[in-house]
Structure formats: structure tokens, C-alpha cells
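Worksheet for the structure shown next.
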Amino acid sequence: MVARVRAALAGQGAGRGEGTWLGIGNISSASYSLGDYPRAIAYYEQALTVRRAIGDVQGEAIDCWNLGLLYERQGDLRRAVALMQVAGDFYTQINHAQYAEMCSNGLARVRAALAGGSPLTP
């Protein structure tokens, strides 16, 4: 799988010989999967800008959550909390209990780390 992701990021046909187009969000996810957090952050931030410009609130929540996880991994916990809160607010507003709970748990984990507690691995 890693080889296919690397090929896709390089614009190769992922084994089928044709050019591959991945959306910004997919490149972000692939970069995250490969552990290239700075690249993933850069692409997620681009995607977030586009989603906000077109009014895609659900997409904004998804990108904010993913960015929050990335910033948490990078140790930028304050930024992680701010982004995760956007996602949590959205899912609470639309009454999506499963995702609202996921966000609540993630926020609790990051806030505990900010307060000097022991963070759990996301």
C-alpha cells in the first residue's frame, strides 16, 4: 500500500500506467499516512481555505479535525484545540453523536496534555 501511495503522490498511475489525480484532501491523507506531517498540514490548510471559500461547512469540520490531529502530533496543542473545537461544534450542532463524542474525547486528551497530564496517542 505504501508503494501505491508514494506512486500517487509522485503523479504516477499507482500501478495502472495512467496519470493519477488526487484531490488536495487525498494528498493530505496520503502524506499523513506516510508520516510526512508538514506536507499533510500544508495540503489540509489549502483544502480548508477552499472549503471555507465555497461554504462547505462539513468539509471544513473534517479538515479542522484532521489538522487538529496533525498539530497535536507536532506538539502544537493550542492550535490543535482550536481546530478540534471547530469540528466538535459542527458535529454537536448537527446532532451527530458519534463524531461529536470523538471530538469531545480528542479535545479532552489534548486539553489534558496542555494542563500537564499524560496525553493518549490519537
>> Just to be sure I understand the filter: pairs with C-beta atoms under 8 Å, separated by 6 or more residues or on different chains, first member in the stretch 35-52 and within 10 Å of C64 (Cβ to Cβ), second member among the small types (G, A, S) and part of a helix (DSSP H, G or I). Which pairs pass?
In response: Y44/G25; Y44/S28; R51/G59
> What do you reckon, is I41 modelled with pLDDT of 90 or more, among the aliphatic types (A, V, I, L, M), under 15 Å from the mean Cα position of the chain (by Cα) and closer than 22 Å to E72 by Cα?
Replying inline: yes
>> Among the residues in the stretch 71-81, are any at pLDDT below 95, surrounded by fewer than 22 Cβ atoms within 10 Å (Cβ to Cβ) and among the basic types (K, R)?
In response: yes
> Counting only residues that are within 13 Å of the chain's Cα centre (by Cα) and surrounded by 19 or more Cβ atoms within 10 Å (Cβ to Cβ), how many does the stretch 44-61 have?
Replying inline: 5
> Which one of these does T121 not meet: (1) surrounded by 16 or more Cβ atoms within 10 Å (Cβ to Cβ); (2) at pLDDT below 95?
Replying inline: (1)
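The values are calculated or read from the model by the stated rules, or taken from the named source; none is laboratory data. Everything quoted here is computed from the prediction, not taken from an experiment. Here the Cβ is made from the backbone with ideal geometry for all residues, glycine too, and neighbour counts use every protein chain on show.
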